[in-house]
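Nothing in this text is a laboratory measurement; each read-out follows from the coordinates by a stated rule. Only a predicted model underlies this, so the values are computations on that prediction, with no experimental measurement involved. Backbone-built Cβ (ideal geometry, glycine too); neighbour counts: all protein chains shown.
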Amino acid sequence: MAKLYYRYGTMQSNKSNQIITTHHQYTTQGKQCLAYSTPIDTRSGHKRIKSRIGLELVCEYITENIYEEVKAIHEKDRVHAVVVDEAQFLSRADVHRLSDIADVLDIPVICFGLKTDFRNHLFEGSRVLLELSDAIDELKTICQFCNKKATLNMRLLNGVPTNIGETIQIGDEEYVPVCRKCYKERLELV
């Protein structure tokens with residue numbers, strides 16, 4: 001039976017590179033792997049997944065018809081896996097549709113995303129993936145300020161740490177991975 005996977009990490013934890021690598025592993029073996037992302041994050045361009053090291057993958061956007069779309073493709077030519085980038089931006093309904101792809105169509109679904117926002121609150125998609133996934137893996141990186149494992153995302157506004165603002169603020173360079181201690185110290189939460 002296929003599984004729903006959630007592979008999460010902080011900013012700069014190699015998520016996009018991992019999804020591109022996973023897709024590549026399937027396709028170089030002649031296996032069809034469908035790639036998806038959400039239309040919220042447009043940093044890489046329209047329907048693109050791009051890693052910081054320059055790897056790029058063309059993808060489709062998740063829609064409310066994702067289950068039907070994958071089913072139609074699978075009926076014509078077997079789908080071996082579905083990979084999803086920016087999974088933190090998924091809705092509860094999106095995650096349930098993806099779990100149906102794994103459960104009903106028996107196709108592994110591998111989602112990649114952040115666990116929490118810069119205020120250390122779970123994103124909706126992350127929360128539901130943590131609740132429903134068969135397998136959960138943490139992609140690790142190190143803190144921007146020390147050598148401990150980074151577990152949180154910090155937003156820098158003009159170089160100054162902040163935890164104020166809307167949950168979804170698309171960016172890249174203004175977000176850094178940090179450990180809990182540095183997060184608290186820099187935001188003066190201790």
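Somewhere in the stretch 69-86, is a residue part of a helix (DSSP H, G or I), over 18 Å from Thr27 (Cα atoms), without any contact (Cβ under 8 Å) to a residue 60 or more places away in the chain and of a type outside the set (D, E, K, R)?
yes
What is the residue count in the stretch 28-42 for residues that are surrounded by 15 or more Cβ atoms within 10 Å (Cβ to Cβ) and out of contact with any Asp or Glu (no Cβ under 8 Å at 6 or more places or on another chain)?
Of the residues in that region, 1 qualify.
To keep it simple, each residue is scored yes or no on (1) in a loop (DSSP other than H, G, I, E, B); (2) touching a residue at least 40 places away in the same chain (Cβ under 8 Å); (3) under 15 Å from the mean Cα position of the chain (by Cα); (4) surrounded by fewer than 21 Cβ atoms within 10 Å (Cβ to Cβ).
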residue	(1), (2), (3), (4)
Asp137	no, yes, yes, yes
Asn147	yes, no, no, yes
Asn153	no, yes, yes, no
Gly165	yes, yes, no, yes
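Limited to the stretch 22-41, what total is found for residues that are under 14 Å from the mean Cα position of the chain (by Cα) and hydroxyl-bearing (Ser, Thr, Tyr)?
Counting residues in the stretch 22-41 that are under 14 Å from the mean Cα position of the chain (by Cα) and hydroxyl-bearing (Ser, Thr, Tyr) gives 4.
For the stretch 109-124, what are the residues that are touching a Leu at 6+ places or on another chain (Cβ under 8 Å), surrounded by fewer than 21 Cβ atoms within 10 Å (Cβ to Cβ) and outside any strand (DSSP E or B)?
Scanning the stretch 109-124 gives Asn120, Glu124.
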